[in-house]
1. Residues that are more than 7 Å from every other protein chain (Cβ to nearest Cβ): which helices (runs of 4 or more DSSP H) entirely in region C:1-112 hold 2 or more of them?
2. Kindly indicate which of C:Val353, C:Val411, C:Val389 is without any contact (Cβ under 8 Å) to a residue 24 or more places away in the chain and in contact with a Phe, Trp or Tyr (Cβ under 8 Å, 6 or more places away or on another chain).
3. Picking from C:Lys398, C:Lys462, C:Lys450, which residue would you name as being of a type in the set (D, E, K, R), more than 25 Å from B:Ala60 (Cβ to Cβ) and in contact (Cβ under 8 Å) with a residue 40 or more places away in the chain?
4. For region B:385-403, check the following and say yes or no: at least one residue is under 28 Å from B:Asn116 (Cβ atoms), within 7 Å of chain C (Cβ to nearest Cβ), under 20 Å from the mean Cα position of the chain (by Cα) and assigned to a loop (DSSP other than H, G, I, E, B).
5. For residues that are assigned to a loop (DSSP other than H, G, I, E, B) and touching a strand residue (DSSP E or B) at 6+ places or on another chain (Cβ under 8 Å), scanning just region A:61-79, find the one that is surrounded by the fewest Cβ atoms within 10 Å (Cβ to Cβ).
6. Pick from C:Ala250, C:Ala233: which is touching a helix residue (DSSP H, G or I) at 6+ places or on another chain (Cβ under 9 Å) and surrounded by fewer than 24 Cβ atoms within 10 Å (Cβ to Cβ)?
7. Just to be sure I understand, how many residues within region B:514-533 are in contact (Cβ under 8 Å) with a residue 12 or more places away in the chain, in contact with a strand residue (DSSP E or B) (Cβ under 8 Å, 6 or more places away or on another chain) and assigned to a loop (DSSP other than H, G, I, E, B)?
8. Would you check which residues across region B:491-533 are under 18 Å from C:Asn134 (Cα atoms), β-branched (Val, Ile, Thr) and touching a Ser or Thr at 6+ places or on another chain (Cβ under 6 Å) and list them?
Amino acid sequence: MAENTRKLGLIVNPVAGLGGRVGLKGSDGLHVQRKALALGAVPHAGDRAIDALDRLGRVADLEIVTWSGAMGEDAARARGFSPRVAGSSKSSESTADDTRAAAVEMRERGVDLLLFAGGDGTARDICEAVGEELPALGIPAGVKIHSAVYATNPLNAGELAALFLQGRVSALRSAEVMDIDEDAVRRGQISAHLHGYLKVPVRSALVQSLKAASGPGEEAAMAAIATAVTDSMEPDTLYLIGPGTTTRAILSRMGLDKTLIGVDAVENSRLLANDMNENQILASIEGRKAGRAKIVVTPVGGQGCIFGRGNQQFSPDVLSRVGRENVIVVSTQDKLNSLAGNSLWVDTGSRKADEMLSGHLRVITGYKEEAICRVAS
Amino acid sequence: MAQRDITRERYTDGKPNLRRYHQAKWDEPVIFELSVPGQRGILVPEVEPDLRAEVGDVLADIPSGMRRQAPPALPELSQVAVVRHYMRLSQENLGADLNVDIGQGTCTMKHNPKVNDQLAASPKLSDLHPSQDDATVQGILEIMYRFEQILKEISGLDRFSLQPGAGSAAIYANVSIIRAYHKARGEADQRDEIITTIFSHPSNAACAKTAGYKVITLYPDADGYPDFEALEAAVSERTAAILITNPEDTGIFNPRIADFVDLVHEAGGLCSYDQANANGILGITRAREANFDLCHFNLHKTFSTPHACGGPAVGATGVRNELAKYLPVPVVERDGDHFHLDYDRPDSVGKVGSFHGVPANVVRAYAWAMSMGADGLREVAEIAVLNNNYLLAKMLEIPGLSAPYAEGKRRIEQVRYSWEKLAEETGVHSEELGIRAADFGLHYWTSHHPFVVPEPCTLEPTESYSKADLDEYVAVLAHVVDEARNDPDKVKTAPHNCTVHTIEHAPFDDPGQWAVTWRAYRRKVGGEEQEGT
Amino acid sequence: MSERKPVVYPYIPNSVPEVKEQMLREVGASSTEEFYEDVPEALRVKGRMNLPEPLLSERALRRHVEGLLAKNSTAGENLSFLGGGCYQHHVPAVCDEINSRSEFLTAYAGEPYDDHGRFQVLFEYASMMGELLNMDVVNVPTYDGLQAAATSIRMACRLTGRQQALVARNLGWEKLSKIRDYCKPDIEIRPIGYEADSGGLDLDELDAVISPHTAAVYFDNPTYLGSIEVNGARIAEIAHAHDAVCVVGADPLSLGILTPPVEYGADIVCGDIQPLGMHTQFGGGQAGYIATRDEEAYVMEFPSRLFGIAPTKVPGEYGFGDVAYERTSFAVREEGKEWVGTAAALWGITAAVYLALMGPQGMVDISEGIMTRARYAMARLGEIPGVRVPLAAAPHFKEFFVNFDDTGKSVAEINQGLLRQQIFGGADLSKQFAELGQSALYCVTEVHTKADIDHLVDAIGKEVA
């Protein structure tokens, strides 16, 4: 029956979420974790993992591969599983290195899905270690959850993991790993950055309950959007392509490589620059006539933000020079539909820029398909 | 004889216990498995020997390449076996006649009067050929004409075609008419955008797209109403038309609908009213008052014709006088007491469907409208809406449910509910509740994909169900929700009382395994080698 | 304005005033008017709609509608030779029995669990059509044969990324009109002529016109004018040489005898299943089929539903569901890929019953019998002075056209005369096929006896004498 065995990798970041309840805005770094514990924080990532594992009991022939003690073994045993312990943390205090080492080991052992409990920092560690090489899914347990790799709650994480392992859900999509600079937040600033992507299972419909044809699926939708954008590209015009998988599809359609988490520039079907910072962007648009520089962005992180999260290179200065009418927003319809209140938003750090961008914008959702969405600031 | 409480075992606290339902389960083979070589289900009329003698071997005329090599490998069954097989399969199907069919929201499942079916099955209709001389089809032409007059009054528009094959086909016909109108004005190329809303029926977007238009979708405002400011951002000299459902699939009536129409008209576009959800507004409000140019009705929804597992159907498409010349050919014209089919309409978009659509359904719909009259149609609307708001109140008593948008407001004839809270709490999803509901003999529909409302459930009670029927539906859902909390596996492993059990879905999406025909199944799964493809 | 008459409607259980009141109380509304608060006064219908007084009793309704229907004079009460896309074939009683079962008639879009029966019957329908067509993929019926043809052409355009279809000029005018309307604005429809003597496609013109821009070559077999296209293989070869898709429209009833188009090279086969158990019902029995080989690229371009078979968790139990639910077009510029909606499912169910009753021998018998009768009718009609059957030498299935030019009478005049003799003569082709002069399209099926045909010949003889 070995061929039917499903392997689940389980990583718990036991210190995830420690900082939240004691007001520390996060748990990154040993000193913060020690401070949190000193302030009376109680680790609960393990409990969250236990909640999630509740849903995995129904998966037949399930083998759980995990790390010793609080990094997964305890949670698995608490749910009555006999996990295979593949390694242990180097010290009594779990570190980011341990998470990365565990993720790499899980990949080597060929797990079908890597289920991890943590926050944005944990997702970032896993992303650095294994990237999009294997399916992964987050159990939300951290203080910061800006990444789109997390289920809405532990039970749903377990549910989705179970469905995926049972083969009832098979679609995967690239979901953003976002993190904010905790030190900056403690100083009162929000500064969210896009770090990369994990391949997460996506649950569309469990049941085929249709009276009308369904949509084309995410990849096809992105390809259609990419075609719509490339077909409308004007000559001698600079296109500054923001981060995201939807925008990445535009460059792949043109046969160009895209920096996943940066801003790239394209003109006359050629790549001018990769991973530009604000100054490079400003330099590239310097001296261009109105309408000869355009920005292409997609909402990042599943929360509907089009400027100010993960694409701060598009600074207020850049935005005011390019102008609202030269902002091209792209998004799959599924993504728009999942936005709370169906509204996009901006938070550029400049009220003037925010006001300029707010109101209703056209969003390209497919080939010859657009939506009109509100942009809030 | 000893007396006993006859309600004791079937009622609790005065309310009926849940139905102990089980669907028929015949475990019926696929028909090919029933084949017995040599059996015959029906014999065809023999060619008279003298005719055959005169003609000779007709097959000799056919070039060998065009002559079929072997008879088609159809199953061979006696008539007894065929009847029994399909009777059994019919019992494994849940028709609206059998259940409280309020769970297929947006579909307007209402009572299909049997007398109308009998009238439609009359040989006086079923034996008519569509190309007969007008003089021989005066009855059906008069019925089509009379029904058109009824639709004109119900909508306030001026001319109708009954040719489109259902709602989507009617929307497509409307888009064709819109294109013809702009073409005649020399603006066909300029006007390449069609606007719709996310809670309009998805066929509006799909049909416009198929017809080559760019589709602009409006998202609702925070209250769930179509967003007028979004429309302002959308209209331009490129606007060909707006296609909008009202009330929308959320059951919310757009109070600014006339403003929407005015704005599009100012930009030079046309306005088409999707009346798929007209059941709750019959006699209350019409396309004309809101100044629409076109509209369509689904006769299988509002006008009670049976859904027939998904057609045949009629989508009646209506227009103002200025657009009448573009309607599909033919239209029925009256000339004193004589009716005729007018094919000579040079500006017509041509044919959108075969012949005259589905006249049997026009007969049914006409009979239905005639059995209701103006007061009856208004009663239909009012009771449909009363039923819906009653259901809404009862449904919202179930913990874990919400009715997003326009919170606290009344709805027209349906509601798109959300089980988001329940799903968060229990991990049980809307579709799973629906499959469990089938264990009690009830349909349940989420909504069109993609889901804009999370964990959706769309219920449309129509006028056809009694208070007790609605109470039963709510009681079943309350029970299933209770199970979701206390025995989620029971829900997740459903169905338990249906004909079949949880179906493996993987083969449907795998080109190596999917099988749309028995021959494909035998080849792919059974490993059978076959001739040809 | 008259007061609303208090009526308890049999179709509206809650029209009982006391029940209405109770429900209003329970939802805290004083009247149903409260539910319409979003409908502005300006949009309200003023007063009562001006409709005919209702016929509240079933008896009165029946009398009224039957009275109207009685004005019809049917093909069954006369002798009809009309065809042209809608055909008078015998409808087995079992077909009517099954399709009037309310479990099917009143069902709609349930799940594969509560509506298992519908899924299985439609899977069996596709499976039997698959045997008839020798193809593995057949859709749940679309509206009609016109739609099937138009959609097949759009599928071919998506498959090839091209935007031109070459279609045989001798299609029925309705089909051509539908194809033109449906393929607007992006697809060019270019008719290809037909040969006067055989009725077949003009291969020289096809050769001259086909190009790397051609997505599809479409022809009907048998053709609308009745003759059998014998050069199917050659046409498919030409299409394939230019990487175009060969689309053939075929009368399923002809396939008891004729080669399934896939065997002479068709890539997509489509048509109307009305002959398979549907009454003519003034054109309301039409339903379209589309069939392809089991190749992913083709399957992904179907806009229709495709029902597949799969195991359930109970060993040996059959389950059904939608194949390739998230169907992704390979042509990104057409991600919408038409639509799927209510179409003609009940006629698919009926055709399943028909094919199951007929079996292989029934299909062979009926094809052959029709062909024999049609040949006899052609020969007999050709004997009438002044009446010609121009394609008499070509093989035909059930239809053929008859020319009356030499009689000095128009088709309209002859048909009026025949009507007086209680005969529905063939459809007048003189408008849509002006090049054929005064010609009419006659259809002979298994319902016609030798006596019927002889009677027709006599009647026409009288009219043209």
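1. On the way: elements: C:17-27, C:58-69, C:93-99, C:102-105.
Hits in region C:1-112: C:17-27, C:58-69, C:93-99.
2. Values: C:Val353 fails: without any contact (Cβ under 8 Å) to a residue 24 or more places away in the chain; C:Val411 fails: without any contact (Cβ under 8 Å) to a residue 24 or more places away in the chain.
When all the criteria are applied, what remains is C:Val389.
3. Values: C:Lys398 fails: more than 25 Å from B:Ala60 (Cβ to Cβ); C:Lys450 fails: more than 25 Å from B:Ala60 (Cβ to Cβ).
From the options C:Lys398, C:Lys462, C:Lys450, the qualifying one is C:Lys462.
4. Looking only at region B:385-403, we keep the residues that are under 28 Å from B:Asn116 (Cβ atoms), and these are B:385-388, B:390-391.
Next, from what is left, pick out any that are within 7 Å of chain C (Cβ to nearest Cβ): B:385-387, B:390.
Within this subset, residues satisfying the condition of being under 20 Å from the mean Cα position of the chain (by Cα) are B:385.
Filter once more, keeping what is assigned to a loop (DSSP other than H, G, I, E, B): none.
No, region B:385-403 contains no residue that is under 28 Å from B:Asn116 (Cβ atoms), within 7 Å of chain C (Cβ to nearest Cβ), under 20 Å from the mean Cα position of the chain (by Cα) and assigned to a loop (DSSP other than H, G, I, E, B).
5. From region A:61-79, those assigned to a loop (DSSP other than H, G, I, E, B) are A:61, A:68, A:79; that's our starting set.
Now narrow it down to the ones that are touching a strand residue (DSSP E or B) at 6+ places or on another chain (Cβ under 8 Å): A:61, A:68.
Working: A:Asp61: 12, A:Ser68: 16.
That would be A:Asp61.
6. On the way: C:Ala250 fails: surrounded by fewer than 24 Cβ atoms within 10 Å (Cβ to Cβ).
Going through C:Ala250, C:Ala233 in turn, the sole match is C:Ala233.
7. Looking only at that region, the number is 0.
8. If the condition is that a residue be under 18 Å from C:Asn134 (Cα atoms), β-branched (Val, Ile, Thr) and touching a Ser or Thr at 6+ places or on another chain (Cβ under 6 Å), then B:Thr517 is the only one that fits.
The values are calculated or read from the model by the stated rules, or taken from the named source; none is laboratory data. Only a predicted model underlies this, so the values are computations on that prediction, with no experimental measurement involved. FYI the Cβ positions are ideal-geometry reconstructions off the backbone, even for glycines, and counts take in every protein chain you see.
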